[in-house]
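A quick write-up on the structure given underneath.
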Amino acid sequence: MTDNKRKRSTRACETCRARKVRCDMQMFGSPCSNCRYQQIPCNPAENTRTKYDPTINYLSSADRSSRKYLKDHCRRCNAELFQHSDHHHGSESSSPTSSWSPTDGQHSHGPLNRHDQMKLPACPTHYDRQPSAGIDTDVCWTFLKRPQLLEDDMAHLQRRWAFKKPERKLMLELLTCYCNYIHPQLPFLDLQTFLDAVVGENGQKISLLLFQAVMFAGMAHLDERILQLYGCGPRNEVQEKMFNRAKLLYQFDVEPDLLTVAQACLLMSINHQCSKTSTIWLAQSHLLAQRLGFENPAAYSLMKVERSSWGKRLWWSIFTRDNTLRLELGTPQRLQDTPYDVPFLSLDCFDLSAFSTNVQENLSRATIVDSPKMYRLLMQLAIRRTELICHLSQISAISSRLPVPAKAFQGITIYFEQGLRRWDLELEPELGFHPGGPSPVFKYHCGLLSLLFLSTSNALLQSRLQPVNSDVIDLGVRSSIERDTEKGLSIVQELYSSGLWLPPTLGMGMVYNAVNLYVGLAEWRKTRLADPLDLEAAIVCLRALGKSQDRRIAVEVAMYHLESRIRGLGVENCNTRFEISKFLERLARKENVNPFVTAKPSHTDQSKSPNISLSVAADEGEIVSTGSSIDELFDWTMEPEDTEQDSLWHAESITCG
């Protein structure tokens, strides 16, 4: 009886392997059917599997020294144990019935036989709980809490560089980026205590896991020219290293406080490589918040004022993150049908007092640190964003339910539309988006809030759209969507022209959705023989979107889809300032395009970064260094090499500047 089951191919191209789909490249050659259909390059994937060779020693020098140390220690312990047992056997051979008590007769045992001796542990129990004081230094733990782990666990974390911290200048840059861009979006961290401990070094100690998570989150907005200047590699590689450090610390349970772990997990959900990874870490943060009782409204009346403020800020940050991920990436909504009985955010939940002088001097470019007035406005912006997210959650819940009657659905959409208009009318004028804002950081967050409002309005209007093949012409709804999308694209174009950029899962998904929706509206106009839309703004945003995004397989596929749709609308004949096809061809060749250096940046301000002097030759795209050397700023960019002289127990190997 023959087996007609189709066998899997042992080879696949890079695209199919990254997307985890079947590939027929081995049977039909390159390109495979999937790449031919998507019209993208088909490159064979390299075989990363290596067969085990018994003649090769795969252990590193640190592992070999660690294993040799443990074997010698166990051999000495066994020798002492058997010698102690033989001594008592010899002294009591004249009296077989006599007993030996190591605790002055409290417990009496007979002579040990060979079988009982083999049951004894190879190492004494005091070695397993011995504190690991030999591999740390005072420099590494000046403001970080030292984990209470075993010696071998600490050694493993040290080998994996989990205790490494950036040099002080780079750390201040990362903290500035976190204060300017991450904290106003997710204001759950006790920023006063954190900055006083890290920057001011006032003697307080913070969690190592939380510190590594903050460094990872701040890397998303660090100027990539600094990384390229000092040979740190692409941004996604550096982010992956910092993410792995925080992930390793989480796996070893270095932090016993559940509130701190929940905060770190929420920061680790800002993962730009995989939407599934972001959802997993967000779910873990939500689970810990539930265990702490932050989802129960009655629990807040029993909490202290400070802990109650932490709980409200954390829970509403999780709620905001969950809904924005659904809006940008289409991920499943975790907090479905969640009642809004949790006390809402207010300015009393935030510590708006002035920062210390030491923190202000070191973080002079951080807007919320330098200006208390701007800090207050950004927290008001965060409260308004949370109110808007509540409207978005209701709209998403209705669109994901079963079909409802037309009259009832029309009444619901009208009610939601009135709620959005009321929110827009009640918004303070100083929180609206203005091209000439008082601060680039404040302008950035106001632009994101306006873009979120327009995306929420479009999500509500799209539920009222008729199918493409329908005879009913809904010109009013489509004109409203076109108007909102054009406003959103103009805001994005203004942000990109100001030298700002939107990282993945923090606004970039809304830009891609706006471009995709605008192209769909243009295609509908073409089928109805109506006047075509001007796609210049969409092409500008798509170009900036591709330069800001990491060059990944999923991004390339999405870009090629949009390019083919734009070409189908006859964009080649349009008088646009940018050529999207040439840019996408460079993207297909995976050139390292700097998202901060444009070809002719006549309207883009030169980047200003303290402590590091940069001069950019805009026409050639070159970056010239006139600042400090590599050794002064970075000693953490290269992974440690295994050499015979390296010692596992070297005390200075875990410090970094």
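Tell me, which residue of region 178-207 that is under 19 Å from residue 306 (Cβ atoms) and β-branched (Val, Ile, Thr) is surrounded by the most Cβ atoms within 10 Å (Cβ to Cβ)?
That would be 206.
Just checking, does region 434-444 include any residue being closer than 19 Å to residue 328 by Cβ, modelled with pLDDT of 90 or more and surrounded by 21 or more Cβ atoms within 10 Å (Cβ to Cβ)?
Yes, the conditions are met somewhere in region 434-444.
For residues in region 463-497 being polar (S, T, N, Q) and either modelled with pLDDT of 85 or more or in contact with a helix residue (DSSP H, G or I) (Cβ under 7 Å, 6 or more places away or on another chain) (or both), which is surrounded by the most Cβ atoms within 10 Å (Cβ to Cβ)?
Restricting to residues being polar (S, T, N, Q) and either modelled with pLDDT of 85 or more or in contact with a helix residue (DSSP H, G or I) (Cβ under 7 Å, 6 or more places away or on another chain) (or both), the top hit is 485.
Which of (1) within 18 Å of the chain's Cα centre (by Cα); (2) surrounded by fewer than 21 Cβ atoms within 10 Å (Cβ to Cβ) does residue 341 not meet, given it meets every other one?
Every listed condition holds for residue 341 apart from (1).
Given the structure, is residue 175 among the aliphatic types (A, V, I, L, M), more than 27 Å from residue 348 (Cα to Cα) and either buried (at least 19 other Cβ atoms within 10 Å of the Cβ) or without any contact (Cβ under 8 Å) to a residue 12 or more places away in the chain (or both)?
Judged against the criteria, residue 175 is not a match.
Conditions: (1) modelled with pLDDT of 90 or more; (2) in a helix (DSSP H, G or I). Residue 364 meets all but one. Number of the miss?
(2)
Has region 246-257 got at least one residue that is in contact with a strand residue (DSSP E or B) (Cβ under 9 Å, 6 or more places away or on another chain), closer than 21 Å to residue 178 by Cα and hydrophobic (A, V, I, L, M, F, W, C)?
Checking region 246-257: not a single residue is in contact with a strand residue (DSSP E or B) (Cβ under 9 Å, 6 or more places away or on another chain), closer than 21 Å to residue 178 by Cα and hydrophobic (A, V, I, L, M, F, W, C).
Starting from residues that are at pLDDT 80 or above and of a type in the set (Gly, Ala, Ser), keep the ones in region 116-172 and report whichever is nearest to residue 199 (Cα to Cα).
Here the residue is 162.
Out of the residues in region 386-431 meeting the condition of being of a type outside the set (Ser, Thr, Tyr), modelled with pLDDT under 90 and part of a loop (DSSP other than H, G, I, E, B), tell me which one is nearest to the chain's Cα centre (by Cα).
Ranking the qualifying residues of region 386-431, first place goes to 401.
Within region 186-248, which helices (runs of 4 or more DSSP H) (wholly inside it) include 1 or more residues that are of a type outside the set (A, V, I, L, M, F, W, C), farther than 14 Å from residue 165 by Cβ and out of contact with any helix residue (DSSP H, G or I) (no Cβ under 8 Å at 6 or more places or on another chain)?
191-198, 224-229
In this structure, is residue 255 surrounded by fewer than 23 Cβ atoms within 10 Å (Cβ to Cβ) and part of a helix (DSSP H, G or I)?
Taking the combined requirement at face value, the residue does not satisfy it.
Examine region 412-419 for a residue that is touching a residue at least 40 places away in the same chain (Cβ under 8 Å) and acidic (Asp, Glu), and state whether such a residue exists.
yes
Consider only pairs whose beta carbons are under 7 Å apart and that are at least six residues apart or on different chains; among these, list those whose first residue lies in region 303-314 and is under 19 Å from residue 386 (Cβ atoms) and small (Gly, Ala, Ser) and whose second residue is part of a helix (DSSP H, G or I) and modelled with pLDDT under 95.
From residues that are under 19 Å from residue 386 (Cβ atoms) and small (Gly, Ala, Ser), the pairs are 308/300; 309/349; 311/300.
The values are calculated or read from the model by the stated rules, or taken from the named source; none is laboratory data. What you see is a predicted model; the values in this text were computed from it and never measured. Note that we place each Cβ from the backbone using ideal geometry, even for glycine, and neighbour counts take in every protein chain shown.
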